[in-house]
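First up is the structure itself, then whatever we jot down about it.
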Amino acid sequence: MVNQAEPQDSSMRSLQRVLASLNAYRWLSLGALLSLLLLTIANAVTPQLFRWGIDQGIAKQDLDIVLYSAGAMVIAAIARGLFNFGQSFWAEAASQGVAYDLRNRIFSKIQNLSFSYHDQAQTSQLLTRVTSDIEQIRTFVGTNLIQVISAIVTLISIAIVLLIMNWQLALITLTVIPMNGWLLARFFTQNGELFRRVQEQLSDLNAVLQENLIGIRVVKAFVRESAEARRYTAMNDTLVAANMKTIRAIRSTFPFIFLLSNLVTLAVFGYGGSEVIGNRFSVGELVAFNSYLLLILQPVLLIGFAAPAIAQAAASAERVYEVVDAEIEIRDRSNAVPFQACVGRITFENVSFRYPGAQTETISGVSFETKPRELIAVLGMTASGKSSIMNLIPRFYDVTAGAVRIDGRDVRDFTLASLRSRIGIVFQETTLFSGTLRENIAYAKPNATLDQVIEAAKAAQMHDFIIGLPEGYETLVGERGVGLSGGQKQRIAIARTLLTDYSILILDDSTSAVDAQTAVQIQAALDGLMHQKACTTFVVAQRISTVQNADRILLVDKGRLVAQGTHEELMRSSPLYGAILESQVKQSK
Ligand SMILES: Nc1ncnc2c1ncn2[C@@H]1O[C@H](COP(=O)(O)OP(=O)(O)O)[C@@H](O)[C@H]1O
Ligand SMILES: [Mg+2]
């Protein structure tokens, strides 16, 4: 941040975009604006009715006029109530629409953003943006915006009325506006940074809360409850301190504003009184003038109170649009074609890959080619780059150099949706959604029949466990559902993938939490399935026992492909393979 004005500028631009999004709700907005104008007129008319009642009625002892003016005042009061309702109701309705659109936009954007974005984005920050930032924007559209517009309209129209009534008195009165305006402006330039900080600290506090909710088991296992509580309390203290600072700033500015306003009332009473005595101004006019005075002081304060909320809304809008505008790094090429049948020739051509923002290459110069219907095992130590290599096939990331081809065609030439829907991938870390077991297995194919679901569960060695549950496939998982072990979750994830229309199957360390015997059973079931559907299968593993029967083993070390061949070939030729094998045989003894 070299330039102080820069962040301000871009948050104001974001606010303008919020205003532009009101275009979709232009009838509601127009309704609110029209009500606002009518409300201002009803407000401006009321003091004139007073004046009429006093000067023509009371002063001239004409009871009829007193009663007429009283009746007219009642009607004006009713009209004010109606227009006030219309104004706030339609503004709120428009604000709900704007928030609804923004929520949907940011959600679908989050769905479409590439892996690399989510690698860097903090979940808690994204959550704050979808919830409290959008709420801040909604309050701005629904309340502050209409307040400010109404304040400006009132200010201008009443100023004109006052000038027409008595320009000298009006000029005395109106001096209060620039003075109060100056006080407010000074207040906000001095405290703008403070408001921004409060917002940031709230978001930091939420981040700690969220980390602790997700990691509560780790916290407890390491007996860090009190340390975490201290950390949270410390941040909570900072937030309260910052909030108190803003309150102190508000409390020390506003008394001056009220004082100024009272002084003006005094001036109007004094000067106006002398004008009345000198017969240049009627009593009714003085009363009306004084009522206008109250009407004109309100808008300045309203703008004053709305300003911090508007500044916050602008900052929120900036953060929301930051996500909405985030670049989707991995997208379809303009001439992308759908991925259809697959013969099974997957080629890595001198592939190198560096994670966005990383200094060094994670994958360097990897080349290999699969033959149709091969079962390829990818073996290597942790962090050797196995997952990174696999992630390049469905284009979770794009290569930095070289190319990944399927049947000779660069994966970047396919449409993403078709490519990914034909690649079945099981991640090491599984995520189940809240719902039934059946819904979870049929996640990618919601219209699958129960028989198909059962077939997939059988292959994943999960069927026997599921039918043992009282509610079988209708058992709920997730927050309020049955607890599953890590290995059971992995097997549900395998079943979920097996049910899709995959042509290429990637099992990325997906039996790491399953015992060795079940892993071998799953592998055997897969061997059968594979030849029905998959043109190529990749099994990433750390255990040699699960990959022994692979057609070929790719041995990865430090991001390079160091050897490939069958189990027997590698045993003979690769010292690294021998070393891994030896260490695993030792372990199992
Ligand atoms: N999302 C990521 N962003 C940056 N670096 C990553 C990311 N994922 C993995 N890495 C790095 O890439 C290297 C290889 O990781 P990975 O492919 O997951 O290894 P493996 O699957 O063999 O355990 C590691 O050094 C890891 O730190
Ligand atoms: Mg991995």
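Could you name every one of the strands (runs of 3 or more DSSP E) located completely within the range 325-384 that has at least 2 residues being within 16 Å of ligand 2 (Cβ to nearest atom)?
Result: 363-369, 374-380.
Among the residues of the range 529-547 satisfying the criterion of being in contact with a Gly (Cβ under 9 Å, 6 or more places away or on another chain) and within 13 Å of ligand 1 (Cβ to nearest atom), which is modelled with the highest pLDDT?
Top of the filtered list is V540.
Has the range 94-108 got any residue that is aromatic (F, W, Y), assigned to a helix (DSSP H, G or I) and in contact (Cβ under 8 Å) with a residue 24 or more places away in the chain? Steps first, please.
First, the residues of the range 94-108 that are aromatic (F, W, Y): 100, 107.
From what is left, the residues that are assigned to a helix (DSSP H, G or I) are 100, 107.
Filter once more, keeping what is in contact (Cβ under 8 Å) with a residue 24 or more places away in the chain: none.
No.
Just the residues that are open to solvent by 30 Å² or more (accessible area, probe 1.4 Å) and either touching a Ser or Thr at 6+ places or on another chain (Cβ under 7 Å) or in the same structural domain as T123 (by TED's automatic domain parsing) (or both), please, taken from the range 338-365.
Here is the first cut: in the range 338-365, the ones open to solvent by 30 Å² or more (accessible area, probe 1.4 Å) are 338, 340-341, 343, 345, 349-350, 354-362, 365.
Across the range 338-365, the qualifying residues are P338, R345, E349, N350, R354, Y355, P356, E361, T362, G365.
Out of curiosity, is L286 surrounded by 19 or more Cβ atoms within 10 Å (Cβ to Cβ) and in contact with a Ser or Thr (Cβ under 7 Å, 6 or more places away or on another chain)?
Numbers: surrounded by 19 or more Cβ atoms within 10 Å (Cβ to Cβ): yes; in contact with a Ser or Thr (Cβ under 7 Å, 6 or more places away or on another chain): no.
Answer is no for this residue.
Pull up the range 506-528, narrow it to residues that are outside any helix (DSSP H, G or I) and farther than 19 Å from N440 by Cβ, then point me to the one that is nearest to ligand 2 (Cβ to nearest atom).
Among those that are outside any helix (DSSP H, G or I) and farther than 19 Å from N440 by Cβ, it is D509.
Looking for something exposed (fewer than 15 other Cβ atoms within 10 Å of the Cβ) and out of contact with any Asp or Glu (no Cβ under 9 Å at 6 or more places or on another chain) - is there at least one such residue anywhere in the range 384-400?
No, there is no match, as no residue in the range 384-400 is exposed (fewer than 15 other Cβ atoms within 10 Å of the Cβ) and out of contact with any Asp or Glu (no Cβ under 9 Å at 6 or more places or on another chain).
Which residue, of L38, L127, is touching a residue at least 24 places away in the same chain (Cβ under 8 Å) and either under 30 Å from A358 (Cα atoms) or surrounded by fewer than 14 Cβ atoms within 10 Å (Cβ to Cβ) (or both)?
Numbers: L38 fails: either under 30 Å from A358 (Cα atoms) or surrounded by fewer than 14 Cβ atoms within 10 Å (Cβ to Cβ) (or both).
Exactly one of L38, L127 is touching a residue at least 24 places away in the same chain (Cβ under 8 Å) and either under 30 Å from A358 (Cα atoms) or surrounded by fewer than 14 Cβ atoms within 10 Å (Cβ to Cβ) (or both), namely L127.
Take the conditions of a type in the set (F, W, Y), away from ligand 2 (no atom under 16 Å from the Cβ) and out of contact with any Lys or Arg (no Cβ under 7 Å at 6 or more places or on another chain) and apply them to F414. Does it pass?
yes
In the range 468-483, is there at least one residue being buried (at least 20 other Cβ atoms within 10 Å of the Cβ) and not in a helix (DSSP H, G or I)?
Quick first cut of the range 468-483, residues buried (at least 20 other Cβ atoms within 10 Å of the Cβ) only: 477.
Filter once more, keeping what is not in a helix (DSSP H, G or I): 477.
The answer is yes; a qualifying residue exists.
How many residues are in contact (Cβ under 8 Å) with a residue 60 or more places away in the chain and either among the charged types (D, E, K, R) or not assigned by TED's automatic domain parsing to the domain that holds A159 (or both) if we restrict to the range 272-312?
2
Among the numbered conditions (1) more than 10 Å from ligand 1 (Cβ to nearest atom); (2) buried (at least 19 other Cβ atoms within 10 Å of the Cβ); (3) not assigned by TED's automatic domain parsing to the domain that holds L570, tell me where A377 comes up short.
Checking A377 against (1) more than 10 Å from ligand 1 (Cβ to nearest atom); (2) buried (at least 19 other Cβ atoms within 10 Å of the Cβ); (3) not assigned by TED's automatic domain parsing to the domain that holds L570, the one that fails is (3).
Given the residues I250, I257, which is the only one that is open to solvent by less than 70 Å² (accessible area, probe 1.4 Å), closer than 30 Å to E285 by Cβ and assigned to a helix (DSSP H, G or I)?
From the options I250, I257, the qualifying one is I257.
Among the residues of the range 301-322, which ones are farther than 17 Å from N191 by Cβ and open to solvent by less than 30 Å² (accessible area, probe 1.4 Å)? Step through it out loud before you land on a result.
Start the filter on the range 301-322 by keeping residues that are farther than 17 Å from N191 by Cβ, which leaves 302, 316-322.
Hits for the range 301-322 are S316, A317, V320, Y321.
Looking only at the range 545-574, which residues are at positive phi and within 45 Å of the chain's Cα centre (by Cα)?
Taking the range 545-574 first, the residues at positive phi are 558-559, 565.
Once the filter is applied, which keeps residues that are at positive phi and within 45 Å of the chain's Cα centre (by Cα), the range 545-574 yields K558, G559.
The values are calculated or read from the model by the stated rules, or taken from the named source; none is laboratory data. Quick caveat, the model's predicted, so the values are computed rather than measured. As a convention, Cβ positions derive from the backbone with ideal geometry for all residues, glycine included, and neighbour counts pool all protein chains shown. Protein only, heavy atoms only, side chains kept; ligands, DNA and RNA dropped before computing areas. Shrake-Rupley method; radii C 1.70, N 1.55, O 1.52, S 1.80 Å.
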